[in-house]
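The values are calculated or read from the model by the stated rules, or taken from the named source; none is laboratory data. Since the structure is predicted, the reported quantities are computational estimates derived from the model, not experimental observations. Cβ sites come from the backbone with ideal geometry, for glycine too, and all protein chains shown count toward neighbours.
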Amino acid sequence: MSDQSQGKPENPNASPRELFEARQSDWLAACAVKESQSGGRKYDEPEHPYRTCFQRDRDRVIHCSAFRRLDFKTQVFVPHEQDHYRTRLTHTLEVAQIGRSLARALRANEDLVEAVSLAHDLGHPPFGHGGEAVLDELMAEHGHFEHNRQSLRIVDYLEHPYPHFRGLNLTRAVRLCIARHSTRYDAPVCEDFDPAGQAPLEGQLADLADEIAYTSADLEDSLTAGLLTLERLDSLELWRRAWQTAQADAPDARPIHKQIRACKAVLAILADDLIETTRRQLSISRPAGPDDVCRADRKLAAFSDPTARQLRQMQDYLLHNVYLAGDNAKKDADCRKVIGGLFSDFAARPDLLPDRYRLRSESDGLHRIICDYIAGMTDRFCLQQHEKFRGSKT
């Protein structure tokens, strides 16, 4: 509903951004984060004439080099080994799409959810969670490594496209949501923020969009790769619900189409349940603003208990039968060799590091800059560097 429809004429001198923000404020739920509640930026910048602060944050993430490198980073299967498997980049895009849909249904700020979703995996190292585990071990005596923390480090410090300050200078609201990103594979980072409380509603939606995206997509990719079969999945309650939906929608469809539709039904079941449950919890708690969401004693965006249980069952199944099984287990061993070897090489020969990293060794510490460099590599470049310095392929 626009200001004009409420009897408040629009300011003829207002910029397109100001008009959009005024109209959006009427549409957003009371607990959604408005642009006026962004918390500002560390370094003051003039407002843009037609893009809001969260739209600018989204664009800064998309245009940063760390985002582009996600294209050749492992999601579950080796990037571009086959044409159909997700990469860390396509996963990120799926999270953003799901996040926007959830936000629109719940009248949350879509642009904030999108900006957070696009940034949530910037800190992932090569070779997925296996690479993260190796880097954390190597950094055990030097501050450890965790990809969520690294995402914040990237947007705050490592990206350096502006001449007068480091980082992307994102709004505090986006940084808070990145810092509080929390799933079963992500630990919140709170050093720069009050450790108590929850993420804003938009941050919570981005977290759950991530879970929906990787669960449904990893399931589909694992079936395509032949690691899972329809018969084995029949033990999972969520899969049985999804298969029944696919069967009811197209009983005469070919088996491959039923399989595809069942994977999409997993996504839809989770998204629908999340929207319904979150809407119910918001109606009960009735938060008057974003601060009430952050001060709540539990997350207000959530799945219902039965669906959450079924989701955990499917995620546990994927963990033991895909992520830690077969070729993926071997790839974890290979990545340990590659990352460990490179780390040792750079520690013994810092002159092998690019100047832009080596020049920070005194201020940041040698081990941290080595970690930054390796964590920013794509799988492909990491393997190339290992072959270059070690003279052999894994």
Review point. Any idea how many residues of region 206-238 are closer than 30 Å to Leu112 by Cβ and part of a loop (DSSP other than H, G, I, E, B)?
Key: 0
Study note, to complete from the structure: Within region 239-279, residues being surrounded by fewer than 17 Cβ atoms within 10 Å (Cβ to Cβ), among the acidic types (Asp, Glu) and in a helix (DSSP H, G or I) number 3
Revision key, fill the gap. Going through (1) buried (at least 17 other Cβ atoms within 10 Å of the Cβ); (2) within 30 Å of Ala213 (Cα to Cα) one by one, Leu366 fails only at (2)
Review point. Among the residues of region 280-303, how many are under 22 Å from the mean Cα position of the chain (by Cα), surrounded by 13 or more Cβ atoms within 10 Å (Cβ to Cβ) and in a loop (DSSP other than H, G, I, E, B)?
Key: 5
Check your understanding: Of the residues that make up region 66-77, is at least one part of a loop (DSSP other than H, G, I, E, B), in contact (Cβ under 8 Å) with a residue 24 or more places away in the chain and in contact with a strand residue (DSSP E or B) (Cβ under 7 Å, 6 or more places away or on another chain)?
Key -> yes
Exercise for review: Take the residues in region 95-109 that are buried (at least 22 other Cβ atoms within 10 Å of the Cβ) and of a type outside the set (Gly, Ala, Ser), then tell me which one is farthest from His181 (Cα to Cα).
Suggested key: Leu106
Check your understanding: In the set Thr92, Thr74, which member is touching a Gly at 6+ places or on another chain (Cβ under 6 Å) and crowded, with 23+ Cβ neighbours inside 10 Å?
Key -> Thr74
Practice item. Among what's in region 349-380 and is closer than 12 Å to Ile339 by Cβ, hydrophobic (A, V, I, L, M, F, W, C) and assigned to a helix (DSSP H, G or I), pick the residue that is nearest to the chain's Cα centre (by Cα). Key: Ala375
Exercise for review: Could you tell me whether region 171-178 includes any residue that is modelled with pLDDT of 95 or more, in a loop (DSSP other than H, G, I, E, B) and within 20 Å of the chain's Cα centre (by Cα)?
Suggested key: yes
**Study point:** Residue ID - farthest from Glu202 (Cα to Cα), chosen from residues in region 281-311 that are β-branched (Val, Ile, Thr) and touching a residue at least 40 places away in the same chain (Cβ under 8 Å)
**Key:** Thr307
Review point. Can you name the residue in region 21-43 that is over 14 Å from Arg175 (Cα atoms) and small (Gly, Ala, Ser) and, of all such residues, is surrounded by the fewest Cβ atoms within 10 Å (Cβ to Cβ)?
Key: Ser36
